[in-house]
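Contents: one structure, followed by commentary.
What follows draws every value from the coordinates through simple rules; no lab data is involved. Since the model is a prediction, treat every value here as computed from it, not as a measurement. For neighbour counting, all protein chains shown are included, and Cβ atoms are generated from backbone atoms with ideal geometry for every residue, glycine included.
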Ligand code: AMP
């Protein structure tokens, strides 16, 4: 799984086409969160300082294959110009005259940002001619867009898969994700605990299946708890449940037993009479009565989970323990976050909602790693090979 990184190739004087994730949130043309830009800066700075011609490319939103000013990367270019004065040129197209001119005039240590890749439907279609055109800007291809590494698009995989670029390496963001995320799953220091929560069993089936073979303990929380509870024969009131996944839940419980994996399910639930922060609540053990829904794990469960997590040496967490966006149902998720913060082991939070939860609760800087890609991390946890990583040169 080890891949060559930008440190393993000579970049001086070379055109380095860097696929970054500049899919930033915008409001009235203003960038409202700099995280993704900041995340790409170490790679960009390294390449500039080492004399590369840095050609940046990214998607932004879903413009559906045609030019749309609303999805222009111009606001990102303006930010980059503030960060690197007199070093940045923005191309108003992707593979057209503006891009060709900007790239041909790019000096060593300077940046060109291409316009939104998804203004061409060929990007998501992984079109061969589009890959060829992009490769004109790449003596070396660098992938640092972990958030789209699970997609086989032109700029994330095709450009290398079609054989148009020989030198294909990862940037520092992907290198870090591989080092921490992939290594922890494949070569965990034991005990290894996986915590899985969130809304749906269906979106985590592959993850449960794969991690079951690797972990010592699997902890279940969130709304998917109730599909498992139903599988155990409990009533679950009006809690969320995926009836067509009850059989899978049963199978997982049996499989855990066979494999000697400790599967922990909530022993109590914080139930509410409505999906509302101000709803009436009560703690329920066993059956959840009619008219009540489970919106968080209960306090006994939270303590059991805390004690199991805190003594682990590797912890991977994906999915909140309850409807944490409502403060009255965030205690279980908070306790799990505290356990990760108090653990001495390697603690990893998958992207998406768990990343949002840990940030909202203020523990993001107390864990080893918060992944930058929700979908990519889920697929990695499912044991899948991400096309944007598979296409890169192996480390020697
Ligand atoms: P996911 O995208 O599958 O990780 O699910 C995250 C969402 O699940 C969050 O928005 C949570 O509010 C929601 N969630 C977690 N637990 C519950 C629950 N018990 N009832 C309803 N929604 C929940």
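Which order results if 47, 378 are arranged by neighbouring Cβ count within 10 Å, fewest first? Don't skip to the answer; put the middle values down first.
Numbers: 47 26, 378 22.
Ascending number of Cβ neighbours within 10 Å: 378, 47.
What translational diffusion coefficient, to the nearest whole µm²/s, does segment 118-188 have by Stokes-Einstein, given a Kirkwood radius computed over alpha-carbon pairs, a temperature of 25 °C and 0.890 mPa s viscosity?
Numbers: Rh = 12.9 Å.
Here the translational diffusion coefficient equals 191 µm²/s.
For segment 220-330, what's the relative contact order in percent, using C-alpha pairs closer than 8 Å and at least 6 residues apart? Intermediate values should be presented prior to the final figure.
On the way: 185 pairs, mean separation 34.1, N = 111.
Averaging sequence separation for qualifying contacts and normalising by length gives 31 percent for segment 220-330.
Which parts of segment 326-342 would a label at residue 189 reach, counting a residue when its backbone N lies under 16 Å from a point 7 Å out along Cα-to-Cβ?
Only 340-342 fall inside the zone, counting backbone N under 16 Å.
Between the helical axis of 331-342 and the dominant principal axis of the chain, each derived from Cα atoms, what acute angle in degrees is found, rounded to the nearest 10?
Taking the Cα atoms of the chain, the angle to 331-342 is about 60 degrees.
Between the alpha-carbon centers of segment 123-147 and segment 214-253, tell me the distance in whole angstrom.
Result: 42 Å between the Cα centres.
At 20 °C and a viscosity of 1.002 mPa s, what translational diffusion coefficient does Stokes-Einstein give for segment 99-153, taking Rh as the Kirkwood radius over Cα pairs? Give it in µm²/s as a whole number. Kindly include the intermediate steps, with their values, before the conclusion.
On the way: Rh = 12.7 Å.
Answer, rounded: 169 µm²/s.
If you restrict to DSSP beta bridges whose two residues both lie in the chain, what percentage is antiparallel, to the nearest 5? Let's see the in-between values first.
Values: 11 of 50 bridges.
Taking every DSSP beta bridge with both residues in the chain, the antiparallel ones total about 20 percent.
In the chain, how does Rg compare with the Kirkwood Rh, expressed as the Rg/Rh ratio over alpha carbon atoms? List each step's numbers first, then the result.
Working: Rg = 23.0 Å, Rh = 22.4 Å.
So for the chain, dividing Rg by the Kirkwood Rh gives 1.03.
Suppose a student asked you for the relative contact order of the chain, using Cα pairs under 8 Å spaced at least 6 residues apart; what percent would you report? Don't jump to the answer; show the numbers that get you there.
Values: 874 pairs, mean separation 65.3, N = 396.
RCO, the chain: 16 percent.
Helix 246-259 sits at what angle to the longest principal axis of the chain, using alpha carbons and giving 0 to 90 degrees rounded to 10?
Tilt relative to the chain: about 90 degrees.
Can you tell me the FRET efficiency between residue 69 and residue 132 if r is taken as the Cβ-Cβ distance and R0 is 25 Å, rounded to the nearest 0.05? Mind dumping the intermediate values first?
Numbers: r = 28 Å, r/R0 = 1.10.
So the FRET efficiency works out to roughly 0.35.
For 263, 34, 69, which order do you get if you count the other beta carbons within 10 Å of each Cβ and list the fewest first?
Working: 263 19, 34 13, 69 8.
With the sparsest Cβ surroundings first, the list reads 69, 34, 263.
Quick one: 330, 203, 155, fewest Cβ neighbours within 10 Å first, how do they rank?
Working: 330 22, 203 15, 155 31.
Sorted ascending by nearby Cβ count, the order is 203, 330, 155.
For segment 1-109, what is the Kirkwood estimate of the hydrodynamic radius, computed as the reciprocal of the mean inverse distance between distinct Cα atoms, to one decimal in Å? Don't jump to the answer; show the numbers that get you there.
Working: mean 1/r = 0.0671 Å⁻¹.
14.9 Å is the Kirkwood radius here.
For segment 15-155, what is the percent of antiparallel DSSP beta bridges, rounded to the nearest 5? Before the final figure, lay out the partial values.
Numbers: 2 of 17 bridges.
Close to 10 percent.
Hey, what's the per residue convex hull volume over the C-alpha atoms of segment 115-238, in cubic angstrom? Intermediate values should be presented prior to the final figure.
Numbers: hull volume 19.5 nm³, N = 124.
Residue-normalised Cα hull volume stands at 157 Å³.
Just to be sure I understand the curve: with the Debye formula and one point per C-alpha of segment 338-396, what is log10 I(q)/I(0) at q = 0.19 Å⁻¹?
The calculated log intensity ratios at q = 0.19 Å⁻¹ are -0.74.
Using Cα-Cα distances under 8 Å and only pairs 6 or more residues apart, what relative contact order does segment 48-108 have, in percent?
Numbers: 30 pairs, mean separation 21.6, N = 61.
Relative contact order comes out at 35 percent.
Antiparallel DSSP bridges in segment 265-388: what percent, to the nearest 5?
Numbers: 8 of 14 bridges.
Around 55 percent of the beta bridges assigned by DSSP in segment 265-388 are antiparallel ones.
I'd like the orientation of helix 299-310 relative to the chain: the angle between its Cα long axis and the longest Cα principal axis, in ° from 0 to 90, rounded to 10.
That works out to roughly 50 degrees.
How big is D, in µm² s⁻¹, for segment 222-321 by Stokes-Einstein at 37 °C and 0.692 mPa s if Rh is the Kirkwood radius over C-alpha pairs? If you can, show how the numbers build up before the last one.
Values: Rh = 14.3 Å.
Calculated translational D: 229 µm²/s.
Per the Kirkwood definition applied to all pairs of different Cα atoms, how many angstroms is the hydrodynamic radius of segment 251-310? Walk me through the intermediate numbers first.
On the way: mean 1/r = 0.0770 Å⁻¹.
After inverting the pairwise mean of 1/r, the radius is 13.0 Å.
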